[in-house]
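Notes for the one structure printed next.
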Amino acid sequence: MTTVNMTVNGKAVSGNIPDNTLLSEFLRENLRLTGTHIGCDTSQCGACVVHINGMPVKSCSTLAVSLDGAEVLTIEGLTKGGKDAELHPMQVAFNDNHGLQCGFCTPGMIMTGIDMVKRYKAEGKDLTSDAIRAELEGNICRCTGYHNIVKSIEDAATKM
Amino acid sequence: MYSTKYHKPASIADATAALTAGEDATILAGGQTLLATMKQHLASPSDLVDIRAIDGLSDISADGNVLTIGAAATHTAVASSAVVRDVCPALADLASGIGDPAVRNVGTIGGSVANNDPAADYPAAMLALGATIVTNTREITADDFFEGLFSTALEDGEIITAVKITAPAKAAYAKFPQPASLFALVGVFVADGAGGVRVAVTGAGEDGVFRQGAMESALGANWSAGALDGVAASQDGLMSDMHGAADYRAHLIAVMAKRAVSAA
Ligand SMILES: Cc1cc2nc3c(=O)[nH]c(=O)nc-3n(C[C@H](O)[C@H](O)[C@H](O)COP(=O)(O)OP(=O)(O)OC[C@H]3O[C@@H](n4cnc5c(N)ncnc54)[C@H](O)[C@@H]3O)c2cc1C
Ligand code: FES
Ligand code: FES
């Protein structure tokens with residue numbers, strides 16, 4: 001068992017956990033942040049993507065104890081405010097463009113989408129629909145056929 | 001995953017101590033391969049020694065035309081490094097094509113080289129560029145380092161600290177990805193470097209990465225895609241599996257080699 005301290009969605013959290021605890025387990029079981037989904041647990045599907053120190057990472061393939069002092073952002077951390085929460089522009093875009101059906105892959109899609117929009121903006125590159133498809137290489141959706149996910153990210157890119 | 005004890009040493013000396021003390025201690029880098037192996041119970045190390053906090057192990061630098069990449073540098077760091085882009089752009093391109101963005105943010109060059117997966121990308125680059133693999137105890141040439149499927153010249157507990165590459169005059173990598181795994185079904189790295197023209201093939205060999213001698217001779221005489229016309233890759237020693245038979249892989253080696261030469 002190891003005590004780990006990190007910042008999750010802006011709040012300091014800590015846990016005394018077995019060393020083999022995955023970040024996905026720590027978030028879901030210890031912190032009850034169940035918005036991060038586990039689709040495959042083998043690093044293929046991307047449903048578990050969260051940001052660690054600003055970078056998207058598959059939380060099912062990262063040990064929680066290795067993240068002492070890290071800043072973690074999950075889907076729950078995107079909205080501002082409590083009861084009258086304001087959705088993140090990426091969440092609004094998925095809603096507006098029918099970018100989800102069952103919604104299982106959506107948290108990972110949104111965390112991945114936000115990163116690609118930020119990165120392309122910072123580098124001054126054009127986030128074309130081909131680029132979005134390439135960036136989504138590690139995110140699998142079993143429902144939508146991807147077209148509306150791509151549209152959602154394109155839409156959010158104009159609003160972020 | 002079986003239980004294990006996690007260590008995060010700040011120096012090579014501390015890492016070596018932890019690796020020696022543990023009954024069955026293993027080096028952990030990005031964990032993008034190792035954690036999956038542990039989940040499947042194919043590995044059950046008593047101790048994990050995370051090398052990523054070791055001072056300087058993620059550094060990337062160039063001294064003249066010699067590029068040194070720390071073992072813990074992530075694929076993203078290599079892909080976006082201005083130094084790598086300057087000295088060996090083919091290597092930055094290769095790194096940007098490994099897996100997906102989330103894997104690239106965590107997976108490391110040392111982990112990939114140490115793992116020597118027969119379909120991994122970096123081994124082809126190391127062999128074609130005549131790279132030197134630097135460990136905590138010695139320097140190993142790429143020719144001596146890659147020994148076979150998932151096997152290398154590394155001793156138990158030996159830590160790769162960096163890889164060193166001399167800038168080639170020309171180099172490029174062309175990969176035909178296996179669409180589900182994203183690894184190379186066939187990948188060919190061509191380089192015209194200090195050690196002459198070298199062509200290294202990954203994804204195809206039953207014993208992992210290998211050099212394609214006939215193509216090296218043809219390109220040594222005339223560096224052009226056309227020089228490879230009629231230089232067929234042999235099917236001997238190539239893998240046959242559900243993703244492609246040996247003759248298909250042999251055909252792809254020729255196609256990828258030409259693409260790489262044209263891009264170099
Ligand atoms: C979805 C997915 C797609 C992928 N696609 C590709 C791809 O297209 N091409 C490709 O090449 N790879 C691919 N990979 C593999 C990826 O590149 C891994 O990051 C890499 O193979 C292992 O690096 P790591 O840092 O994660 O190492 P780890 O998983 O931490 O370690 C791997 C092995 O290397 C040993 N090791 C690690 N660092 C050192 C060191 N410094 N010295 C000695 N031993 C060490 C460990 O003990 C372990 O045995 C993919 C992986 C995933 C999950
Ligand atoms: S649950 Fe992590 S990638 Fe599928
Ligand atoms: S919306 Fe169902 S998996 Fe993507």
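The values are calculated or read from the model by the stated rules, or taken from the named source; none is laboratory data. Quick caveat: nothing in here was measured; it's all calculated off a predicted structure. For neighbour counting, all protein chains shown are included, and Cβ atoms are generated from backbone atoms with ideal geometry for every residue, glycine included.
Structural remarks
- When each of A:Val72, A:Val117, A:Val65 is tested for being within 14 Å of chain B (Cβ to nearest Cβ), within 22 Å of A:Gln44 (Cβ to Cβ) and buried (at least 19 other Cβ atoms within 10 Å of the Cβ), the lone residue that passes is A:Val72.
- Residues (more than 9 Å from every other protein chain (Cβ to nearest Cβ), among the polar types (S, T, N, Q) and touching a helix residue (DSSP H, G or I) at 6+ places or on another chain (Cβ under 7 Å)) located in segment A:44-62: A:Ser59
- Among the residues of this structure, A:His98 does not count as one that is more than 14 Å from every other protein chain (Cβ to nearest Cβ), without any contact (Cβ under 8 Å) to a residue 24 or more places away in the chain, surrounded by fewer than 20 Cβ atoms within 10 Å (Cβ to Cβ) and away from ligand 2 (no atom under 16 Å from the Cβ).
- Checked against (1) assigned to a helix (DSSP H, G or I); (2) more than 14 Å from chain B (Cβ to nearest Cβ); (3) in contact (Cβ under 8 Å) with a residue 60 or more places away in the chain, A:Met111 meets all criteria but (2).
- Selected residue (only one of B:Ala232, B:Ala218 is modelled with pLDDT under 95 and more than 24 Å from the chain's Cα centre (by Cα)): B:Ala232
- Among all positions in segment B:88-97, there is at least one residue which is within 10 Å of ligand 1 (Cβ to nearest atom), away from chain A (no Cβ under 12 Å) and either assigned to a strand (DSSP E or B) or touching a helix residue (DSSP H, G or I) at 6+ places or on another chain (Cβ under 8 Å) (or both).
- Of residues in segment B:25-36 being closer than 14 Å to B:Tyr6 by Cβ and in a loop (DSSP other than H, G, I, E, B), the one farthest from the other protein chains (Cβ to nearest Cβ): B:Ala29
- Which numbered condition B:Ala29 fails, given (1) within 16 Å of ligand 2 (Cβ to nearest atom); (2) buried (at least 24 other Cβ atoms within 10 Å of the Cβ); (3) in the same structural domain as B:Pro9 (by TED's automatic domain parsing): (1)
- Where A:Ser152 falls short, out of the listed (1) out of contact with any helix residue (DSSP H, G or I) (no Cβ under 6 Å at 6 or more places or on another chain); (2) more than 16 Å from ligand 1 (Cβ to nearest atom): (1)
Here is a yes/no grid of residues against (1) away from ligand 1 (no atom under 16 Å from the Cβ); (2) β-branched (Val, Ile, Thr); (3) modelled with pLDDT of 95 or more:
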{"residue": "A:Gly77", "(1), (2), (3)": "yes, no, yes"}
{"residue": "A:Gly82", "(1), (2), (3)": "yes, no, no"}
{"residue": "A:Met90", "(1), (2), (3)": "yes, no, yes"}
{"residue": "A:Gly99", "(1), (2), (3)": "yes, no, yes"}
{"residue": "A:Thr106", "(1), (2), (3)": "yes, yes, yes"}
{"residue": "A:Asp115", "(1), (2), (3)": "yes, no, yes"}
{"residue": "A:Lys121", "(1), (2), (3)": "yes, no, yes"}
{"residue": "A:Ser129", "(1), (2), (3)": "yes, no, yes"}
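- Residue in segment A:26-39 that is surrounded by fewer than 16 Cβ atoms within 10 Å (Cβ to Cβ) and within 21 Å of A:Gly81 (Cβ to Cβ) present: yes
- Whichever residue in segment A:120-143 is surrounded by 13 or more Cβ atoms within 10 Å (Cβ to Cβ) and in a loop (DSSP other than H, G, I, E, B) and, among such residues, is nearest to the other protein chains (Cβ to nearest Cβ): A:Asn139
- Extreme residue, farthest from B:Ser81 (Cα to Cα), among residues of segment B:37-52 that are among the aliphatic types (A, V, I, L, M) and facing chain A (nearest Cβ under 9 Å): B:Met38
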